[in-house]
Amino acid sequence: MNPLAVRIARLIEVQGPISVAQFMSMALHDPVDGYYATREVIGAGGDFITAPEISQMFSELLGAWIVQAWRDQGSPSPARLVELGPGRGTLMADALRAARLDPQFQKSVEVVLIETSAGLRAAQAEVLKDAPVPVRWLERFADSLADRPVFVLANEFFDALPIRQFVFGERGWCERMVGVDRGGALTFALSPTPSPLAVPSERGIPEAGAVYETCPSGEALIEQIAHMIARKGGAALIVDYGYEGQSGFGETLQAVAHHGYANVLENPGEADLSAHVDFAALARAAQSAGAKAYGPMPQGEFLLSLGIVRRAEALSRNHLGESGIAKQLKRLVEPDQMGTLFKALAILPQNAPRPPGFIP
Ligand code: SAH
């Protein structure tokens, strides 16, 4: 057992089993041994690679999307551009480059990056040191951001938020917990009493062993953001891997290290933990806060309708070499690559025009 596993096991011995969400949160964010505190997580040398690291085209199109949503609402000034979980800062740097096409936008926005990891904050500061707009950091999204229209970008952020899991059995839905076995190792165990949490029952009685996942912090965050957007204007564009129908059913919690799958409980802090995003639940949360949700749309269709092919042609003509660009394009849009599993969800005020890329 690594030092973080030992500490978690001690905590469980003292206070009893912890939820999967609490385990995820400690494994990812422990300030000493947590995954985001200790690793170089993103990129070819890290554990996983994300769309902005694959191709600048992704971030440029997202940047253009934000500028269009801003213009569609009358180019409000001042406004704020917020990114949740900016990783190495690549998305924001490339999006701001695309946004230079509208000097008015540049003059109007302040950038706020929401990031818990001190290491990644430093990497972002380096990449954005010559940014044409003021940039500052917050550890969490806050109500203090409610004084201006807020434009929000999030790529592969919501999958990293802690989930709770419930398993169906004779006693009903019981929460899956993390405990310790006789040998002192971390193990999954079910809570002995059923949970009062409401699980959708439209599909009748589930099979024994069925798993239901929820992401309470993700839904609460979307509600907070959607509420601001509904009242003050703005837009949010959320891209992630996840599912659309069958809200919450099925087990998707996974551990990834060195570009491969790992055991969830073994060596906490040494693998990335994530779960598929329940887009239907996020859309419902946005609507309940008074905003309008568009999508989710498969990433491939979304990028194609934003004109990624034209962008790829332009880049190939310039300097980057056709085959490299063609490969990047395929990776982002092909159904067997990121095109279908990844999806885009947009949140706007009720009366704002339909955002680009979201075909009715
Ligand atoms: N958006 C980037 C990085 C994705 S990895 C990209 O596409 O490349 C997830 C990012 O979210 C990391 O920057 C991580 O440190 C950050 N993060 C994870 N959980 C967070 C939380 N609860 N609050 C703030 N940032 C978080």
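Summary of packing: across the peptides 341-353, 252-264, 98-110, the per-residue average of other C-beta atoms within 10 Å ranks them, highest first, as 341-353, 98-110, 252-264. Strictly over 25 Å apart at the Cα level, which of 107/129; 232/292; 107/232; 129/292 would you flag in this model? Exceeds cut-off: 129/292. Within a straight-line Cα-Cα reach of under 16 Å, residue 343 can be paired with the following lysines, leaving aside sequence neighbours fewer than 8 residues apart in one chain: 330.
Dividing the mean sequence gap of close Cα pairs (under 8 Å, 6+ apart) by how many residues the chain holds gives a relative contact order of 20 percent. Calculated on the Cα set of the chain, radius of gyration then Dmax: 20.9, 64 Å. In the distance distribution for segment 41-135, Cα-Cα pairs more than 17 Å apart total 49 percent. Taking Lys and Arg as +1 and Asp and Glu as -1, the other residues whose beta-carbon sits under 14 Å from that of residue 71 total 0. When the solvent-accessible area of the chain is split by element, carbon and sulfur atoms take up 52 percent of it, the probe being 1.4 Å.
Divide the volume of the convex hull around the Cα atoms of segment 277-320 by the residue count and you get 94 Å³ per residue. Relative to the globular-protein estimate of 2.2 N^0.38 Å, the Cα radius of gyration of segment 19-69 stands at 1.59. At full extension, residue 305 and residue 72 could sit 82.1 nm farther apart than now, given 0.36 nm per residue minus the alpha carbon distance.
If you place +1 on the Cβ of every Lys and Arg, -1 on the Cβ of every Asp and Glu, and leave all else neutral, what size is the dipole of segment 229-360 about its Cα centre, to the nearest 20 Debye?
820 debye
Of interest is the spacing of the C-alpha centroids, which for segment 18-67 and segment 329-360 amounts to 20 Å. Report note on the peptides 302-311, 49-58: ranked by the mean count of other C-beta atoms within 10 Å, highest first, their order is 49-58, 302-311. Note that the chain presents 44 Å² accessible area per residue, ligands and nucleic acids not counted, probe 1.4 Å. For the pair residue 110 and residue 15, a Förster radius of 41 Å applied to the C-beta separation gives a FRET efficiency near 0.45, rounded to the nearest 0.05. Looking at the chain alone, DSSP beta bridges between its own residues are antiparallel in about 60 percent of cases.
In segment 264-360, the alpha-carbon atoms span a convex hull of 160 Å³ per residue. Expressed per residue, the C-alpha convex hull volume of segment 93-209 stands at 209 Å³. Measuring spread by the Cα atoms of segment 308-360 yields a radius of gyration and Dmax of 14.7, 43 Å. Under 13 Å from a label point set 7 Å out along the Cα-to-Cβ vector of residue 199, the amide N atoms of segment 248-268 belong to 248-251.
The values are calculated or read from the model by the stated rules, or taken from the named source; none is laboratory data. Here the structure is a predicted model, which means the values were calculated and not measured. All Cβ positions, glycine included, derive from the backbone under ideal geometry; neighbour counts span all protein chains shown. Heads up: the accessible areas ignore ligands, DNA and RNA and are worked out on the full protein's heavy atoms, side chains in. Shrake-Rupley method; radii C 1.70, N 1.55, O 1.52, S 1.80 Å.
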